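*Asks:* My questions all concern the structure below.
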Amino acid sequence: MLNVKDRDLVLPGQNLGNELFFDLNCYSEDGVVYSAVEGMVRVDGRKVKVVPSSGGYIPKEEDVVIGVVAEVLSGKWLIDINSAYLCSMRGEEVTREKKDLSQFYKAGDVITAKVARVNEVYSCELIKPWKMESGLIIDVNPKRIPRVVGKQKSMLNMLREKTGSRIIVGQNGKIWLKDGKVDLAVKTIKRIERYAQKQGLTDMIAESLARETASN
């Protein structure tokens, strides 16, 4: 039996129901399922999970992230991706020759890359880097990134189309923007972050963008 509805907001320890299957951020005691975190319940039949309202980024293989080069070492770079530990990226990702790697990426450079491997303490290795020249980078709660992207990238594609901006979204909560109506894109992304748990968010954002673009 469910004690909550899909998209309800819950607190840690809140009773979600009994005789349920459960997934992320839930636990069971004596057949009763509880939320382990503050967040939004997602219900799929008799299965429940909770999407946290806040929290840091935990790397997963295949994630695309945006990071800052923290240090150049012999044979590799250390990259800050807004996680608990710095990640590494081997020099072979850029060159097979034994060269000073700072010729390619130096401390402070911003790159986008893919997470290849994650170890038991969530330190990871990055591959396929691309240097992000100029543009603007903003920070968003990593837990809100799925809403910024939307189902099948629906929200992200709408943002790109309506603002004319180039936008790359890192799963680690960093978003790069360049060209077009960047100010409008940033304003809209922050609105999505603020109202991420609101039902009908896509329609609300579409109406907002329509008003903003019509007035300019």
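The values are calculated or read from the model by the stated rules, or taken from the named source; none is laboratory data. If you're wondering where the values come from, they're calculated on a predicted model, not measured in any experiment. Here the Cβ is made from the backbone with ideal geometry for all residues, glycine too, and neighbour counts use every protein chain on show.
*Asks:* If VAL148 meets every condition in (1) in contact (Cβ under 8 Å) with a residue 12 or more places away in the chain; (2) over 24 Å from GLY180 (Cα atoms) apart from one, which number is that one?
*Replies:* VAL148 satisfies every listed condition except (2).
*Asks:* So, in the range 194-216, exactly how many residues are crowded, with 19+ Cβ neighbours inside 10 Å and either assigned to a helix (DSSP H, G or I) or modelled with pLDDT of 95 or more (or both)?
*Replies:* So the answer is 2.
*Asks:* Further question: Return the residues of the range 14-53 that are polar (S, T, N, Q) and touching a helix residue (DSSP H, G or I) at 6+ places or on another chain (Cβ under 8 Å); say none if nothing qualifies.
*Replies:* SER53
*Asks:* So, in the range 69-87, how many residues would count as being aromatic (Phe, Trp, Tyr) and not in a strand (DSSP E or B)?
*Replies:* Residues flagged as aromatic (Phe, Trp, Tyr) and not in a strand (DSSP E or B) within the range 69-87 amount to 1.
*Asks:* When GLY180 is evaluated against the numbered criteria (1) in a helix (DSSP H, G or I); (2) within 23 Å of LYS131 (Cα to Cα), which criterion, by number, is the only one it fails?
*Replies:* Condition (1) is where GLY180 drops out.
*Asks:* Has the range 141-154 got any residue that is within 17 Å of ASP80 (Cα to Cα) and not β-branched (Val, Ile, Thr)?
*Replies:* Step one: list which residues in the range 141-154 are within 17 Å of ASP80 (Cα to Cα), which gives 141-142.
Those still in the list that are not β-branched (Val, Ile, Thr) too: 141-142.
Within the range 141-154, one or more residues are within 17 Å of ASP80 (Cα to Cα) and not β-branched (Val, Ile, Thr).
*Asks:* Go through the range 53-67 and count every residue that is in contact with a strand residue (DSSP E or B) (Cβ under 6 Å, 6 or more places away or on another chain) and either surrounded by fewer than 17 Cβ atoms within 10 Å (Cβ to Cβ) or not in a strand (DSSP E or B) (or both).
*Replies:* Residues that pass the stated criteria total 5.
*Asks:* Cβ-Cβ under 6 Å, sequence separation 6+ or interchain: first residue in the range 204-216 and closer than 11 Å to LEU159 by Cα, partner of a type outside the set (S, T, N, Q) and surrounded by 14 or more Cβ atoms within 10 Å (Cβ to Cβ). Which pairs?
*Replies:* Close Cβ pairs (under 6 Å, with a partner that is of a type outside the set (S, T, N, Q) and surrounded by 14 or more Cβ atoms within 10 Å (Cβ to Cβ)) amount to LEU209/LYS162.
*Asks:* Any chance you could count how many residues in the range 36-49 are assigned to a strand (DSSP E or B) and more than 22 Å from GLU193 (Cβ to Cβ)?
*Replies:* 4
*Asks:* From the list ILE127, ILE111, pick out the single residue that is in the same structural domain as ILE79 (by TED's automatic domain parsing), at pLDDT 90 or above, in contact with a Leu (Cβ under 9 Å, 6 or more places away or on another chain) and surrounded by 13 or more Cβ atoms within 10 Å (Cβ to Cβ).
*Replies:* ILE111
*Asks:* Test of understanding: among TYR57, TYR34, TYR85, which residue is touching a Phe, Trp or Tyr at 6+ places or on another chain (Cβ under 7 Å), touching a residue at least 12 places away in the same chain (Cβ under 8 Å) and within 22 Å of VAL115 (Cα to Cα)?
*Replies:* After applying the criteria, what remains is TYR85.
*Asks:* Kindly establish whether TYR122 is hydroxyl-bearing (Ser, Thr, Tyr) and in contact with a strand residue (DSSP E or B) (Cβ under 9 Å, 6 or more places away or on another chain).
*Replies:* In short, no.
*Asks:* Tell me yes or no: at least one residue of the range 142-152 is part of a helix (DSSP H, G or I), touching a Ser or Thr at 6+ places or on another chain (Cβ under 9 Å), surrounded by fewer than 18 Cβ atoms within 10 Å (Cβ to Cβ) and at pLDDT 95 or above.
*Replies:* No: zero hits.
*Asks:* Hey, could you check the range 7-27 for residues that are surrounded by 13 or more Cβ atoms within 10 Å (Cβ to Cβ), hydrophobic (A, V, I, L, M, F, W, C) and free of Cβ contacts under 8 Å to residues at least 60 places away in the same chain and say which is nearest to VAL51 (Cα to Cα)?
*Replies:* Filtering first and then ranking leaves LEU24.
*Asks:* Looking at (1) surrounded by fewer than 17 Cβ atoms within 10 Å (Cβ to Cβ); (2) part of a strand (DSSP E or B); (3) not hydroxyl-bearing (Ser, Thr, Tyr), find the lone condition where ILE168 falls short.
*Replies:* Among (1) surrounded by fewer than 17 Cβ atoms within 10 Å (Cβ to Cβ); (2) part of a strand (DSSP E or B); (3) not hydroxyl-bearing (Ser, Thr, Tyr), ILE168 violates only (1).
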